[in-house]
Amino acid sequence: MGLLELTEIIHQNPFYEIAALVMMAAVVGFGGLLLRQPMIVSFIAVGILAGPSILNIVESQELIGLLAELGIALLLFLVGLKLDVKLIRSLGLVALATGTGQVLFTSLFGFFIGVALGFDTITSLYIAVALTFSSTIIIVKLLSDKKEVDSLHGRIAIGFLIVQDLFVVIAMMVLSSFGIGDQGDGDAWRRVGTVLFYGAIMLSVVIIFIRFVANNLIERMARSPELLITFAIGWAALLAALGSHFGFSKELGGLLAGVSLATTEYREIIVARMAALRDFLLLFFFIALGSHLDLSMLDTQISAALIFSFFVIIGNPMIVMAIMGYLGYRKRTGFLAGLTVAQISEFSLIFMAMGLSLGHISSDALGLVTLVGLITIAGSVYMISYSHRLYEYFEPLLGIFERRAASLDSKRGFALPLDSHYDIILFGAGRYGNALAQALKKTGKRLLIVDFNPEEVMHQRRRGFDALYGDASDQEFVASLPLEGVKYVILAISQHYANLQHEDPRIVLVDALKRHGYTGKIALTIQQHNGEEAREQKWLEAQGASLVFMPYHDAAHYAVERLEEEMKKTLINITGENHATL
C-alpha cells in the first residue's frame, strides 16, 4: 500500500485522522525524548509532517481547531486556578511596566525593520504588532514543567503576559471593528464600548460567584470526583464561550473561570486531575500550528523570517531585563523572566489571519509570521529549558541590567538581619520541607528556610520561622547566605530539571557551597521513586552529600516502626486481659 492510498484511507473518516495524528505524535515524541528535546518541538514537528507540504494528513482543520481551542481554554483555566489576586496587586507595577514597555519597543522597532526589508507600511505595521505577542500557552507549559510558575521570575512573567493579553484583546477589538463593513467610525467605537460593557458585566458576575457561590457549590460537587471535574471542564468552556461571544477572547474567559474557583480548597485536586487532559488537547494546538507552515515558501521568506526571529529572540528579553533592572530587580530575575518572551504567540497568527480576511495583507505575510513563530517558539523552548545554564554563561555581561543599589528581590520583605546565625539552612518549603522544618523546630536548632516562592516565604514567616526568598541554583544568592557556623545545609526541593542532569539544582548547590568555603555537611533528597533509589543515593554521595534523604522509603520505614509498636501494645493488652480472666 502506497503513501497516497494510506492518506486516502485516513481521509475517509475524521476518527482515522485523529488516530493517525495521535500515533504519529507518540512516535515522534518518543524520538524527541531519546534526543532530550522538549515535547513541544516534537508536536510542532508532527504538525509540519502531517501538513500539506509533506504527508497531507491534516484535513479536518475545523475539528482539530476545536480540540485545540478547548485545550487552550483548559490551560488558561488551570492558570487562573493558580492565580492569586495578591499576586496582581504585589506585581502590578512590574507587570504593567514590563508588558507595556515590551509591546511598545517591539512594535516600534519591528515596524522599522519591516520597512527596511521592503514591506509596505500596512504590512510592516501588521507584522510589527504580531511580533509583540508572546505565547502564554508555551510559557506557562514550560514553567509548569520546570516547576517555576511559583518562582518570582515565573510570577512576574505571568503578570506581564496578562498585560500582553489585554493588549491582544484591544488589538483584536480594534481590528475587528474595521470588518463591520461600511459602517462609520461611530459604529466601530460603539462596538468597542459594547465589548467593554459586556466584559464589565462578566467580571461582576464572576466576583459575585466567588463571593457567594463558589465555595458551597464546589464543596457539594467534590463529593463526587467525576462530577467535580465535569463541572470544572464545563465551567471553563462556558466562560471561554461567553468570552468569545462578547468579543474579548476565549483565553480571557477561561482565565476568569479559573480565577473564580481559585479561592476554593479543592483547586489543587482540580489541577491535578485535569493536567493530563490539558496536555492531550494541547497536542492538537501544536499540530495545528505546525500544519500552517507552507514549506514551498521557505526559499523566498527565510531571510526575512530569520531577521525578525533574531529580533524577537534577542530584543524582547533585553527590553524586559532593562525595565526590570530599572525597577530594581536583580539581573538574574530579569534574565530568567526575559527569556520567556523570546517567541511570538498563536495570537500573532490569528491577528495576521484577520488582516488577511480584511484584505489588508497578503497570504505571504501570514506565511512569514507563521515561519517566524515556528523559529522563535522552537528557539525559546530551549532557551527557557536551559535558562539557568544560559544565565551562568552570560552572567558576566549582564551587569548593565542591574542597578547598584539593593535589589527589589530583597526589598520585598525577604531580607535577614545582618547578624543572623543559623545551625541549619533548609532549601524548599514544600510538603517534605515543611515536615522537616516542624520536626527541626522541636529540637531547638536555629533554622533558616529558603524557598523560591515569595508567597511561601511570607507564609513561613507568619508561622514563626526565619524565611528567605532565593533559589538554590543561584550562585550569587548562595554566596550571600550566612554560612558561617552552619552545621547542615538541607535541600528538600523537587528536581526542576529532570532531563537536564547538568542543571540539577542539588549539584549546583553543592558546587556553590564548596566554591564559597562552606565546611559543614550537606543533606540532599533523592528524586527517583522507581526502584533506582539506591543508585541515585550512591551518585549523590559521590557528588558530596553527607546524608541522603529518601522521603518515601523513610516515611514507610517510620510507619512500619509505629505499626510494630502498636501491635506490641495490642499483644500486651490481650495477654494482660487473658491473665486477668484466668
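The values are calculated or read from the model by the stated rules, or taken from the named source; none is laboratory data. Just so we're clear, the structure is a prediction, and the values are computed from it rather than from any experiment. As a convention, Cβ positions derive from the backbone with ideal geometry for all residues, glycine included, and neighbour counts pool all protein chains shown.
For this structure, a couple of remarks:
- For region 238-265, a residue qualifies if it is surrounded by 18 or more Cβ atoms within 10 Å (Cβ to Cβ), within 11 Å of LEU81 (Cβ to Cβ) and among the hydroxyl-bearing types (Ser, Thr, Tyr), and the qualifying residues are SER260, THR264.
- Selection within region 11-47 - at pLDDT 80 or above, of a type in the set (A, V, I, L, M, F, W, C) and buried (at least 16 other Cβ atoms within 10 Å of the Cβ): ILE18, ALA20, LEU21, MET24, ALA25, VAL28, PHE43, ALA45, VAL46
- Any chance MET318 is in a helix (DSSP H, G or I) and over 23 Å from LEU81 (Cβ atoms): yes
- Meets criteria (in a helix (DSSP H, G or I) and either at pLDDT below 75 or hydrophobic (A, V, I, L, M, F, W, C) (or both)) for LEU436: yes
- Those residues of region 321-358 which are of a type in the set (Ser, Thr, Tyr) and either in a helix (DSSP H, G or I) or more than 18 Å from ILE377 (Cα to Cα) (or both), in sequence order: TYR326, TYR329, THR333, THR340, SER348, SER357
- Flag for PHE427 being hydrophobic (A, V, I, L, M, F, W, C), in contact with a strand residue (DSSP E or B) (Cβ under 8 Å, 6 or more places away or on another chain), buried (at least 16 other Cβ atoms within 10 Å of the Cβ) and at pLDDT below 85: no
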